[in-house]
Amino acid sequence: MFSPEQCERIERETFVARVESHVEVASTNDLAMQRVADTNLRRPLLIHAQRQTAGRGRGDNRWWSGDGALTFSLLVEEVVVPQSLPVSLAVGVAVCDALRAIASDAEFGVKWPNDVYHCRRKIAGILVERPSQSAGDTVIGVGLNVNNSAEAAPAEVSGLATSLREVAGKEYGLHTVLIELLQQIGHTLAAMKTHPEELHARWQRLCLLTGKQVTIATGHRQQSGRCVGIDTAGALIIESKADRLEFTTGHVLAFS
């Protein structure tokens, strides 16, 4: 966990108003959702955990994070995050920007709707949730592989994941990476309100699926076709021989 001095630096150098840092929690998103009821807590609230025992991804997915990963959640107000735009894509853009600032020789991209990849391997995941008991709050969970090794991951994950250390060949200070990441997220959340068209262009350029043959699942149905990008509302656009389809939700099963 971070020291009081490190937490103070986060509050001083980023848009975060309050920091909680824990050695271990079940899920930072779950804890942030519990904090929603406390209207006296200053927002944006950052909840960081050195370890998660039950980290979550989209749907029923679990988020694996070994020692050396960076896992945190942000509790922010609606005035910070407009509900009309896809927050997961916007934060994905911010993560890419932060990673390129940290590892300038590497390329990173957004895998719709909520992952960041390097060379076809996942390096970060984003989970956005809106608490039902508070229409004015949003929880943004981020898991970033920094100094952990994909070799230590479960078999079903190890061949699909990577970390910043494996990409750049060196270790990084988690506190320093977090501050860079929060600064980029702060800039991006501001841009959602002031310059959304810039974000549209950014996630279109960073979309890893554009031009690829994609198979996407929605419920019990699967659809394959050529991805032509992400529209301004965050929908993935797939063209098949018979149709042009827009997906606002779904799971990408394969792309090539």
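Data table
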quantity: Full-extension gain in nm, residue 78 to residue 130, via 0.36 nm per residue minus C-alpha separation; calculated: 17.7 nm
quantity: Reachable lysines, given that their alpha-carbon falls under 30 Å from the alpha-carbon of residue 193 and they are not under 8 places away in the same chain; calculated: 111, 122
quantity: Accessible area expressed per residue, the chain, with surrounding protein chains retained (probe 1.4 Å, Å²); calculated: 47 Å²
quantity: Gaussian network model of the chain, springs between alpha carbon atoms under 10 Å - residue of 136, 125, 159 with greatest fluctuation; calculated: 159
quantity: Accessible carbon and sulfur surface of the chain relative to its total accessible area, %, 1.4 Å; calculated: 47 percent
quantity: Normalised contact order of the chain, rounded percent, pairs of Cα under 8 Å and 6 or more residues apart; calculated: 17 percent
quantity: The chain - charge dipole about Cα centre, Lys and Arg +1 at Cβ, Asp and Glu -1, debye rounded to 20; calculated: 580 debye
quantity: Cβ-derived FRET efficiency at R0 25 Å, residue 217 paired with residue 51, nearest 0.05; calculated: 0.20
quantity: Length added when fully stretched, residue 170-residue 120, from 0.36 nm per residue minus Cα-Cα; calculated: 16.0 nm
quantity: Residue 224 versus residue 194: modelled label distance in nm, points set 7 Å from Cα along the beta carbon direction; calculated: 4.6 nm
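The values are calculated or read from the model by the stated rules, or taken from the named source; none is laboratory data. As the structure is a prediction and not an experimental result, all values here were calculated from the model. Glycine gets a Cβ as well: all are built from the backbone with ideal geometry, and neighbour counts include every protein chain shown. Note: accessible area is taken over every heavy atom of the protein model, side chains too, but ligands, DNA and RNA are not part of it. Shrake-Rupley method; radii C 1.70, N 1.55, O 1.52, S 1.80 Å.
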